1. Can you list the helices (runs of 4 or more DSSP H) found entirely within the stretch 146-262 that contain at least 1 residues being of a type in the set (D, E, K, R), farther than 30 Å from L297 by Cα and touching a Lys or Arg at 6+ places or on another chain (Cβ under 6 Å)?
2. Would you point out which residue out of S110, S153 is assigned by TED's automatic domain parsing to the domain that holds W280, among the polar types (S, T, N, Q), within 23 Å of E259 (Cα to Cα) and at pLDDT 95 or above?
3. I'm trying to understand the selection: among the residues of the stretch 363-383, which are farther than 14 Å from D75 by Cβ, part of a strand (DSSP E or B) and of a type in the set (D, E)?
4. Residues that are among the basic types (K, R) and under 23 Å from L158 (Cβ atoms): does the stretch 185-201 have at least one?
5. When the stretch 118-144 is examined, which residues are found to be over 14 Å from G156 (Cβ atoms), buried (at least 18 other Cβ atoms within 10 Å of the Cβ) and of a type in the set (A, V, I, L, M)?
6. Among the residues of the stretch 192-218, write down those that are out of contact with any Leu (no Cβ under 7 Å at 6 or more places or on another chain), β-branched (V, I, T) and surrounded by 14 or more Cβ atoms within 10 Å (Cβ to Cβ).
7. Could you list, in sequence order, the residues of the stretch 316-330 that are touching a Phe, Trp or Tyr at 6+ places or on another chain (Cβ under 6 Å) and among the aliphatic types (A, V, I, L, M)?
8. Tell me, which residue of the stretch 327-349 that is hydroxyl-bearing (S, T, Y) and assigned to a strand (DSSP E or B) is nearest to the chain's Cα centre (by Cα)?
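The values are calculated or read from the model by the stated rules, or taken from the named source; none is laboratory data. Not measured: the values here are computed from a predicted model. Glycine also receives a Cβ, built like all others from the backbone with ideal geometry; neighbour counts cover every protein chain displayed.
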Amino acid sequence: MFNRRSLLKASGAGLLAAGLPVPYTAAANPLTSGKLKFLFVFAGGGWDTTRVFASEFSNRNVDMESDAERASAGDLRWVSHWSRPSVDAFMRAYANEIAIVNGMMVRSISHEICTLIAMTGTTASGAPDWPAILGANKQAEYIIPHIVLSGPSFPGDLGVAVARTGGAGQLDALISGDVFTSLDVPVTGPNPAAEAVMDRYLARRVEAKALGARSAAEIRLTSDLNRSFDQARRLKEMQYLLSLSASGDLASQGAIAIEALGMGVSRCATIAHYGTQTGWDTHADNDAQQAVLWEQLFAGLTQIMLTLEATPGEEAASLAEETAVVVLSEMGRTPQLNGFNGKDHWPYTSAMVIAPGVRGGQVYGAFDDQFYGVPVDTTSAETDEDNGQILSAEALGATLLALADIDPNEHMQGVDPLMGMLL
């Protein structure tokens, strides 16, 4: 049976031997090519991967917790600790579906730059992030192709496909008109009949403007305006069916995000876990703080997976069978503790992916003796210190695009997806 991996190997072997780039080959799986949705979970502040994903117990250059131990289920390995029971429970429950990516380089130790690279693969201003690209690829099918409840968002030139809900339910208030009640100067909106007349008039004007566009830039801008107006109209019609306001905890955010995915409002959703005011940025008292954050994160992820499993899918029995869950942070933390028992910024990190179409139950990539990333053969997704490439945030992004049957070469150059990670 042919799949993306076998097709790539068959068509690309000669090109690899000649040193030429391997062309992208689309998948035959109708789910991954059309209906796959994405939920991004961002741990803001830079997590310590050695507390869950990187079991570096044999590395004398890494300060591991003295009372932690290596755990495994099949080929999946992680760090187990008595203070993080939700991590063990989650890993064992979803062991066959989890793909851990270790040794991923983000090329900086600045929060802002690392976040930009982790989400877009570049520091270039205006580059759209992975969920914006994924959402915009199916833009016509969704009211809000990428919905952001919290966390980073870089829409770039795809802003028409992205919307933030706002930390205090601002999007809900805009849709319902309740935003007028919070203004310093009282404003009375039109009655429903007058509002309907205004909406029809504006719709005709927007459509006429789009039809009258002449230059390429005008055609694009007026088309986006027309689409945005239509999306706003459709969203307003759903205001009593969908709540876009959530509390700050991960499970609450996940429930709203999953509702938007399940109702066909969005293809992608982004939520975030910070835990405290400084988030995962543990320059002091690393172990105690990170233990709480990891426990909170995986307790929330457990609820998210259970909700996905209980939500009917568009074509599959459950939304869990149609959704890729991508968990990442902007950076890692140093392998050794500092004088405050904290850990500082580190340009190598990890990510976790659970998705149909991904070969789970595996750890991809690795860390070397200095806790740098080990080169990886992108075709097989196996470590290859002689001929492989350092695993980058761009490679993860390219893999997610390939998973959705979007050619990564259309959005970045010289970056190969980890095809061996895909079924």
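1. Here the list is empty.
2. Working: S110 fails: within 23 Å of E259 (Cα to Cα).
Sole residue among the options that is assigned by TED's automatic domain parsing to the domain that holds W280, among the polar types (S, T, N, Q), within 23 Å of E259 (Cα to Cα) and at pLDDT 95 or above: S153.
3. Result: D377, single match.
4. No, the conditions are met nowhere in the stretch 185-201.
5. The answer is A118, I143, I144.
6. Scanning the stretch 192-218 gives no hits.
7. Matches in the stretch 316-330: A324, V326.
8. Going through the qualifying residues, I end up with S329.
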